[in-house]
Amino acid sequence: MAELTYRDAVARGIAQEMTRDPDVVFLGEDVGKAGGVFKATVGLYEQFGPLRVRDTPISEQAILGAAMGAAMTGLKPIAEIMFSDFFAVCFDYIANEFPKSRYMSNGQTKCPLVVRTGNGAGSRFGAQHSQSVENWCMMIPGLKVVAPSTPRDVIGLMAAAVRDPDPVIFFEHKSLYATKGEVPDGEIVDTLGTAKIVRPGKDATIIALALMVPRANEAANRLKAEHGIDCEVVDVRSLVPLDTQTILGSVAKTNRLFTVEENPRLCGWGAEIVSIVADEAFYDLDGPPVRITTPHIPLPAADILEDIVLPTPDRIVETVKRSLGS
Amino acid sequence: MARMSDRAPGAAGSGLNDDIGEEKRLALYRSQVVLREAEQRAFDLFLQNLVKGTSHLSLGQEAVAAGFAEAMQKGDLSFCTYRGHAHTLARGVPVEKVLGELMQRDNGLMRGKGGSMHLTSEEHGVMGSYAIIGAHLPIACGAAWRAQYKGHKDVSVCFFGDGTTNIGAFHEALNFAAVWKLPVVFVCENNLYMEYTPIADVTAVQHPAADRASAYGLERIVIDGNDADVVYREAQKAYAKARAGNGPSLIECMTYRHSGHSRADPAKYRPEGELERWKLRDPIKIYRERLLQFGVSEKTIADIDARVRKEVDDATEACKAAPMPPLDILTTDVYADGGWAWRN
């Protein structure tokens, strides 16, 4: 067991898989010699060499297209798109090519690849380098979508993503890179499509993802200490496949549902979860499900503005307290 | 009219250049006839409402598909566009499989799940037909990267139209392939029209692919795309270069499509006489004359024509008799486990 940053967990997760399988290759902008703009891939170039860790031009379509062509013909590429906002310039691959080739070819074409990307706000980068765009991917049949919140999950879910036979979009949260967590020694392999109850409770279920997980945890601790409300916090971890059984099971126990989403409000993943719970567990609910989201606006750059729009532990505490009538 | 240099086999008085050999010449001819007959049949079946959806024909452009495919080795990979029937057939995919897909029958190449614009037959090296302009150039780069990384000797060959040269992915892929020295061959079929608009009206250079080659350190190559021998020789050169580890090629083939952009397009935008002038240089007509010059008998040619026509007739009847796809394939192969489950 060692303490590791989320940032270092990325490099360790990739290294674990590249060591295991020589068909795993890694490409992206500044990922090799420079070690990544977030320093999340430091050491990989030195360890695995320029043939397996390849620096690319600023050509997001070429990066994703090349990853796909390599995946179709036998490699297991990991491609980095530096900021998830840049998905918009290479979205053809994410929306049209990776997820549809198997279906359109009646099962002939395979596409086992991972796209990892820096997602989320908190760095004061403004509206085009701060978004949480996991919803852009969740809506597309054929993709799998993962967003870890801890260093251990980064390694385990990276391994699961690399070993998965489908295209997996792997969202790393930029504001989590510096956070630390305990990580066991040796190989770590997790399972896609599994949510995790990170804090058990009986009064309300709070569903969160990525940066919103530690914020939900902090809110839950305060709700318990200050207001006697015992919240269960569920880290979704994987939007597709979605572990609805863990979510429905938690709601059956607590009878209240809150989602905490960093994305702007419309069509957020929380809406899908609320819809599933409303369809399948309506009579488990003692009150309306509540979504806590960023308002439906572009993200501002100034710290004072950005801090207001993202869901905070304060906002989660206030919302849960008010909804439970405490 | 664009460049139309008619390269007769061998210079006048120097005798015929028989570098290709009779067996390969007959294969080149047969391939072009298959493409012509199958696509003409597809058009007829469309008029009978038996081919549904859209279709983009390569009538008139057969020499490009036949020439590049005949120069390939087993294991070489083709990446096609939505105008991909010819490139698919040229790799040896049975006519019935292609027509079946166009007719959306259960005997189709993808059992009706892909349609005309997405023909794929990996067992024949046809790694897909891509309907988003430019998408497959980077994908071909990736397949070539795999060959380079694994030390495989196959070449990835990527076909696209003149219109593709004005989209970003073209330029990203060319630079990427050149910098990484990938074994990929980019083949631009310049048929003079991007869709309905003349390519010259919307492109800053005369040759939309070749005149961009120098920007990526590549040789400027423009060839007569209606002469299968010229195409075949150029393909061999490019494949040999790729296999030797000397990087990509970009080849612009001058050709002309006899039909409109898609089934919806009667091609009224063409100047009067243009189609007729190009039909004088119909690739199959050129090649038939070539075979006669080489001493192939009229009977041999007629036998090939008759056999191909029978093959297409038989395929048509098989497709007409084939059932529609069963509804249970609707949700198969969304994910690699064969199903479509996105939740537990």
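Separation of the alpha carbons by more than 22 angstrom is noted, of A:202/A:224; A:76/B:150; B:237/B:285; A:76/A:100; B:279/B:299, for B:237/B:285; B:279/B:299. Accessible surface of chain A, 1.4 Å probe: 55 percent of it comes from carbon and sulfur atoms. The label point for residue A:46 and the one for residue B:40, both projected 7 Å from the Cα toward the Cβ, are 6.8 nm apart. Evaluated at q = 0.09, 0.10, 0.12 Å⁻¹, the base-10 log of the normalised Debye intensity for the protein assembly as shown, with identical point scatterers placed on the Cα atoms, takes the values -0.80, -0.93, -1.19.
Taking chymotrypsin sites (Phe, Trp or Tyr not before Pro) across the range B:82-169, none is in a DSSP loop with at most 16 further Cβ atoms lying within 10 angstrom of its Cβ. Chain B packed on chain A takes about 4000 Å² of accessible surface away from a 1.4 Å probe, both sides summed.
Just counting partner chain Cβ atoms within 10 Å, what average do the residues of peptide B:130-140 show around their Cβ? That works out to 6 on average. A loss of 40 Å² or more of accessible area (1.4 Å probe, protein heavy atoms, ligands and nucleic acids excluded) relative to the isolated chain is seen in these residues of the range A:37-85: A:54, A:57, A:61, A:62, A:66, A:72, A:73, A:75. Cross-link reach is defined here as a Cα-Cα straight distance under 18 Å, omitting same-chain residues fewer than 8 places apart; for residue A:33 the aspartates and glutamates meeting it are A:8, A:46, A:55, A:80.
Reported value for the range A:196-323: 100 Å³ per residue, from the convex hull of its C-alpha atoms.
Principal-axis analysis of the Cα atoms of chain A puts helix A:212-227 at an angle of about 20° to the longest axis.
Give the shape of the range A:126-189 as rounded, prolate or oblate, defined through the alpha-carbon gyration tensor: a ≥ b ≥ c are the square roots of its eigenvalues, a/c under 1.5 means rounded, and otherwise the shape is prolate if a/b is larger than b/c and oblate if not.
oblate
Please give the helix A:6-20 orientation as an angle from the longest Cα principal axis of chain A, in degrees from 0 to 90, rounded to the nearest 10. Relative to chain A, helix A:6-20 is tipped by roughly 50 degrees.
Debye-formula intensities of chain B, expressed as log10 I(q)/I(0) at q = 0.15 Å⁻¹, are -1.34 (one equal scatterer per alpha-carbon, no solvent). Heavy atoms of the protein chains alone define the surface here; on that basis the range A:20-107 has 30 Å² accessible area per residue at 1.4 Å probe size. Taking the average, over residues, of other Cβ atoms within 10 Å as the packing measure, peptides B:335-342, A:69-76 rank A:69-76, B:335-342 from highest down.
Annotation for the range B:284-337 versus the range A:234-281: alpha-carbon center distance of 53 Å.
Here's the list of lysines a cross-link from residue B:52 could span, going by alpha-carbon distance under 18 Å and ignoring same-chain residues fewer than 8 apart: B:97, B:113, B:320.
Taking every residue in B:244-252 and counting other chain Cβ atoms within 10 Å of its Cβ, the average works out to 0.
Which one of B:100, B:295, B:60 has the biggest mean-square fluctuation once chain B is modelled by GNM with Cα springs under 10 Å? Most flexible of the set in this elastic network: B:295.
Based on protein heavy atoms only, chain B ends up with 39 Å² per residue of surface accessible to a 1.4 Å probe.
Oblate is the label for the range A:178-246, because the ratio a/c of its alpha-carbon gyration tensor axes (a ≥ b ≥ c) is 1.5 or higher and a/b is not greater than b/c.
What trypsin sites (Lys or Arg not before Pro) in the range B:49-110 are in a loop by DSSP, with at most 13 other Cβ atoms within 10 Å of the Cβ?
Details: sites: B:52, B:74, B:83, B:91, B:97, B:105; in loops: B:52, B:74, B:83, B:91, B:105.
Hits after loop and neighbour filter: B:74.
The Cα-based radius of gyration of the range A:1-150, divided by its Kirkwood radius, gives an Rg/Rh of 0.95. Going by a 1.4 Å probe on protein heavy atoms, which residues of the range A:103-135 end up with at least 50 Å² less accessible surface in the whole assembly than in their chain alone? In the range A:103-135, residues shielded by partner chains: A:103, A:104, A:106, A:108. Ligands, DNA and RNA left out, the 1.4 Å accessible surface of chain B is 53% carbon and sulfur atoms. Between helix A:313-323 and chain A there is an angle of about 40 degrees, using the helix long axis and the longest principal axis of the Cα atoms.
Do the alpha carbons of any pairs in A:196/A:321; A:110/B:181; B:241/B:310 sit beyond 29 Å of each other, and which pairs? Where the Cα-Cα span goes over 29 Å, the pairs concerned are B:241/B:310. At what distance in angstrom do the alpha carbon centres of the range B:59-119 and the range A:70-90 lie from each other? Measuring centre to centre over Cα atoms gives 28 Å.
Probing with 1.4 Å while keeping every protein chain in the model, the per residue accessible area of the range A:196-323 equals 40 Å².
Given the options A:214, A:22, A:311, state which has the largest fluctuation in a GNM of chain A using a 10 Å cut-off (strictly under) for Cα springs. Residue with maximal mean-square fluctuation among A:214, A:22, A:311: A:22. Interface burial in the range B:89-114, defined as at least 50 Å² less accessible area with all protein chains than with the chain alone at a 1.4 Å probe, covers B:113.
The values are calculated or read from the model by the stated rules, or taken from the named source; none is laboratory data. Remember, it's a predicted structure, so these values are computed and weren't measured experimentally. Neighbour counts run over all protein chains shown; Cβ positions are idealised from the backbone, glycine included. Side chains included, ligands, DNA and RNA excluded: accessible areas come from the protein's heavy atoms. Shrake-Rupley method; radii C 1.70, N 1.55, O 1.52, S 1.80 Å.
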